[in-house]
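Below is one structure; the comments refer to it alone.
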Amino acid sequence: MAFVVTLLFPFWGLIYSLYHWRASWAKNTFWLACIYMGMVQIFHPEGTILGDGADGGRYVLDLISMHVNVHSFTDVAKVFYDGSTLDVYQKTLTFIVSRFTDNGHVLFFFFAVVFGFFYSRNIWYVLDKLPEKFNKYLWVLILFYFLVCPIWLINGVRMWTATHVFVYGAMPYVFERNKSKLIWCLASILVHHSFILPILILVIFFLIPQNSKISKKTLTLLFLFYLVSLFVKTVNLTALADTLTQYLPDYYDNRITGYVNEDALERRLDAATQLSWHVGFAQQVGYWIIQILIIMSFFALNKVINKSKWIIPLFMFSLLMYGASNILSYVPSGGRYLIIAQMFMIPSLLTILTRVQLHSYLKALLPLCMFCLVFTDIFEIRKLFDFYGITLLVGNFITMFFVESNTPLITLVKQIF
């Protein structure tokens, strides 16, 4: 029944799957809705030039070029697999789709099939571990987790698909020492080359002793590392670039030169000053509320560490990843690593806040934190309005072949109000 509803009314199928999130069919229904959202996503907003703006338009230009000019896999290999990058996922999938169409929506359909699978599995991995009853305020944090790396980020399909692929492999290992999916962590490099750094962090975590005698000391040291990272305001980009060039493979050299330099940092800072006040405010509120929750969770967990040892590995890895990401965020484009860190930290926080008894003053602070986080949730949902038109609300898997809307919902809302 749920699948039929989703085929005919994808948006309502999405809502239905979230309402019945504990049902066995919910994650697959959610995945199906994500596939539809991929198919109808706007990659060429009305009044713009295809290829300007978000990466999605350039993916479609690649598709059109391959459909017309590339006649075999050998041809595409000469152009795109010249040894300058490990990123083969997007180009390979684009080539396969180009064999039978140059329609960008079909390409995004297949992007969403892959992204939606890992996205739905990562979300439900966390949901399935929540207790039957928990503080109702935590639904704000659960919603935040849905919005950390949502389906509309297929407009930047390489980085954000790689994020979900990496999490899909790493989360079971970090949380349960389940090694069966670790191969997906390595596969994430084939989606985006920058995942060599999260993999290195995972290797470092693997080398950290995990036995019960030193868990408390290790947890404290990682927490101190995380705290120090909050106050790192500058990074010596020249020294960092030299170090990365020395130890990473040669095909990273051009990217290090392009991103890890003072000019790139200045461009990033200039771009930040152009953002509307509410954009910066929402980002800062979300960031600092998470930091407060991390500190709260550390003291809550540290108090009952002997009774909650099964939670410690995930929290330790999250601290390690978040601390490294805080430092990397001061490198141009390094802020993207905070998204990866949040994909681990939010489940860690949810596990602690639903399983560990909080001190009375922390329990009183929690509703205030969730109230502030609501603003960030609303802002993140607002981003959806930039990538979808009216077909999101009223279309289905039949009409998507005949009806196309390139006017974002936010444009319609502004026209009405």
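General remarks:
- Residue-span extension gain [Phe371 to Phe402] - 0.36 nm each, minus C-alpha spacing: 6.9 nm
- Per-peptide average of other Cβ atoms within 10 Å, ordering 147-155, 54-62, 408-416 highest first: 147-155, 54-62, 408-416
- The P(r) of the stretch 321-417 has a tail past 15 Å containing 77 percent of all C-alpha pairs.
- Between Arg22 and Gln210, the modelled label-to-label distance comes to 2.9 nm, taking each label 7 Å out from Cα in the direction of the beta carbon.
- For the stretch 16-35, the residues whose backbone nitrogen is under 15 Å from a point 7 Å from the Cα of Val113, taken along Cα to Cβ, are 31-35.
- Accessible area of the stretch 310-417 belonging to carbon and sulfur atoms, whole % at 1.4 Å probe: 70 percent
- The stretch 99-238: relative contact order in percent, alpha carbon pairs under 8 Å with at least 6 residues between: 18 percent
- Cross-link table Lys216/Lys363; Lys179/Lys363; Lys133/Lys307; Lys136/Lys383; Lys136/Lys179; Lys217/Lys363, entries beyond 31 Å C-alpha to C-alpha: Lys179/Lys363; Lys136/Lys179
- Between Arg382 and Val4, the distance separating the two model label sites (each 7 Å from Cα on the Cα→Cβ line) works out to 4.1 nm.
- Taking each residue as 0.36 nm, the span from Phe281 to Asp55 lengthens on full extension beyond its C-alpha to C-alpha distance by 78.8 nm.
- Size of charge dipole - the stretch 336-417 - debye, nearest 20, with Cβ of Lys, Arg +1 and Asp, Glu -1, no other charges: 260 debye
- Whichever lysines have a C-alpha closer than 25 Å to that of Lys91, once near sequence neighbours (fewer than 8 apart) are set aside: Lys78, Lys181
- Stretching Leu182 away from Lys217 to a fully extended chain increases their span by 9.9 nm, per 0.36 nm per residue minus the current alpha-carbon distance.
- Heavy-atom surface of the stretch 312-357, accessible at 1.4 Å and reported per residue (Å²): 19 Å²
The values are calculated or read from the model by the stated rules, or taken from the named source; none is laboratory data. These numbers come from a predicted model, not from an experiment. Here Cβ is always computed from backbone atoms with ideal geometry, including for glycine, and neighbour counts include all displayed protein chains. Heavy atoms of the whole protein, side chains included, go into the accessibility calculation; ligands, DNA and RNA do not. Shrake-Rupley method; radii C 1.70, N 1.55, O 1.52, S 1.80 Å.
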